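Asker: First, the structure itself, so that you have it in front of you.
The values are calculated or read from the model by the stated rules, or taken from the named source; none is laboratory data. This one's a predicted model, so the numbers in the text were calculated from it and none came from an experiment. Glycine gets a Cβ as well: all are built from the backbone with ideal geometry, and neighbour counts include every protein chain shown.
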Amino acid sequence: MIYIVPKPTDTPDDNSTGMVIRALKDRDYPYELLDIDTIDPFSPDISGETIWVCGIKQDGVQFEVISALALANRMVNDPHTIAVCASKAQTTARLLKAGVPTPDTIFTGSLIEAERFLSRHEKAVYKPLYGYDGNGIFPFTDIGELPEGPYYLQEFVENDRDYRVFVIGGVAVGAIVRVSDTFAHNIHQGGFGSALTELPDAMKEVAGAAARAIGIDYCGVDLLERGDSYTVLEVNGTPNWHCMEAPIPELLADYLMKEDKKNNG
């Protein structure tokens, strides 16, 4: 049995949870929806199960519930890795420790250190530490453009597109290229995504290494081209799979079934 925590942002036109449920139904595999707003996370009734967390509300409650459930159940994704992906600083720390290419980055509460970083690069990018969907990200060349700290800053890498690579079990299985007329290529910021029919080996290698550095079951890895390889911007722990040609719902269903069988074996 796979317990499913539905994605709260699902809509009739973009229903990530429903897509995977259909794939599970096609495979005649048992599942049950789990309402984490109403369950008792301290009850022994849910123990030793496989729980797929498609998404959670950012309300300070649901994360605590799935964290408690993780003590006695197999979570996909584990809440710790979701939290790591939510924090750009924690993501960067793990990428650097694992030797995964990522732009030069600083995280500091000091405006003086932020200014020193900018002086080294002349142009940098400000990102909210816990931002999502490309909100609040902007390039800058003057320290006076920054809001109040703390400051998560990356060197500016010249580009006209970025890539979202979907990784399952440490293996890149699909990708899109995103382009726009603005700095941010994120689809939520007006970018246009189209499927990559073939993933270059370097793209698969870097995206897979990023996922393994986080220790996450599946994720979306955002990349920029750099030279003859790629550099990692961030890792998304509850990703959508807009525009991807690969059958992501089916691949996710197969992965969940495999993990559930292993968990109950």
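Asker: Within the range 120-171, take every residue that is in contact (Cβ under 8 Å) with a residue 60 or more places away in the chain and of a type in the set (A, V, I, L, M) and give me the one that is surrounded by the most Cβ atoms within 10 Å (Cβ to Cβ).
Answerer: I168
Asker: Scan the range 21-63 residue by residue and report those that are under 19 Å from the mean Cα position of the chain (by Cα) and not small (G, A, S).
Answerer: I51, W52, V53, C54, I56, K57, Q58, D59, Q62, F63, listed by residue number.
Asker: Without any contact (Cβ under 8 Å) to a residue 24 or more places away in the chain and more than 23 Å from E259 (Cβ to Cβ) - does that describe any residue in the range 23-36?
Answerer: No, the range 23-36 has no match at all.
Asker: What's the total number of residues in the range 1-20 that are part of a loop (DSSP other than H, G, I, E, B), in contact with an Asp or Glu (Cβ under 8 Å, 6 or more places away or on another chain) and β-branched (V, I, T)?
Answerer: 0
Asker: Report, by residue number, each residue of the range 200-223 that is touching a residue at least 60 places away in the same chain (Cβ under 8 Å) and either buried (at least 19 other Cβ atoms within 10 Å of the Cβ) or assigned to a strand (DSSP E or B) (or both).
Answerer: V206, A209, A210, A213, I214, I216, D217, Y218, C219, D222, L223
Asker: Please work out which one of (1) under 20 Å from T92 (Cβ atoms); (2) modelled with pLDDT of 95 or more is the condition Y132 fails and give its number.
Answerer: For Y132, the exception is condition (2).
Asker: Taking the residues in the range 95-119 that are more than 23 Å from A213 (Cβ to Cβ) and small (G, A, S) as candidates, determine which candidate is surrounded by the most Cβ atoms within 10 Å (Cβ to Cβ).
Answerer: A114
Asker: Say we look at the range 148-199 and pick out the residues that are part of a loop (DSSP other than H, G, I, E, B), aliphatic (A, V, I, L, M) and over 18 Å from Y218 (Cβ atoms); which of these is modelled with the highest pLDDT?
Answerer: Per the criteria, the residue is V157.
Asker: While we're on this one: Do we have Y255 as closer than 13 Å to I168 by Cα and either in contact with a strand residue (DSSP E or B) (Cβ under 6 Å, 6 or more places away or on another chain) or part of a helix (DSSP H, G or I) (or both) here?
Answerer: yes
Asker: Also, quick follow-up: Looking for whichever is surrounded by fewer than 16 Cβ atoms within 10 Å (Cβ to Cβ), within 24 Å of C85 (Cβ to Cβ) and modelled with pLDDT of 95 or more here; the options are E32, E49, E64. Which one fits?
Answerer: Residue meeting the stated conditions: E64.
Asker: Identify the single condition in (1) touching a helix residue (DSSP H, G or I) at 6+ places or on another chain (Cβ under 9 Å); (2) touching a residue at least 24 places away in the same chain (Cβ under 8 Å) that D14 does not satisfy, given that it satisfies every other one.
Answerer: The failed condition is (1).
Asker: Tally the residues that are over 18 Å from Y31 (Cα atoms) and either in a helix (DSSP H, G or I) or β-branched (V, I, T) (or both), restricting the search to the range 57-79.
Answerer: Within the range 57-79, residues that are over 18 Å from Y31 (Cα atoms) and either in a helix (DSSP H, G or I) or β-branched (V, I, T) (or both) number 8.
Asker: Restricting to the range 37-76, give me the number of residues that are charged (D, E, K, R) and closer than 19 Å to N263 by Cβ.
Answerer: Residues meeting the conditions: 3.
Asker: Another question about this same structure. Take the conditions in contact with a Ser or Thr (Cβ under 6 Å, 6 or more places away or on another chain) and either at pLDDT 95 or above or closer than 16 Å to E225 by Cβ (or both) and apply them to K204. Does it pass?
Answerer: no
Asker: Let me ask another. From (1) touching a residue at least 40 places away in the same chain (Cβ under 8 Å); (2) touching a helix residue (DSSP H, G or I) at 6+ places or on another chain (Cβ under 9 Å), pick out the condition that doesn't hold for K88.
Answerer: (2)
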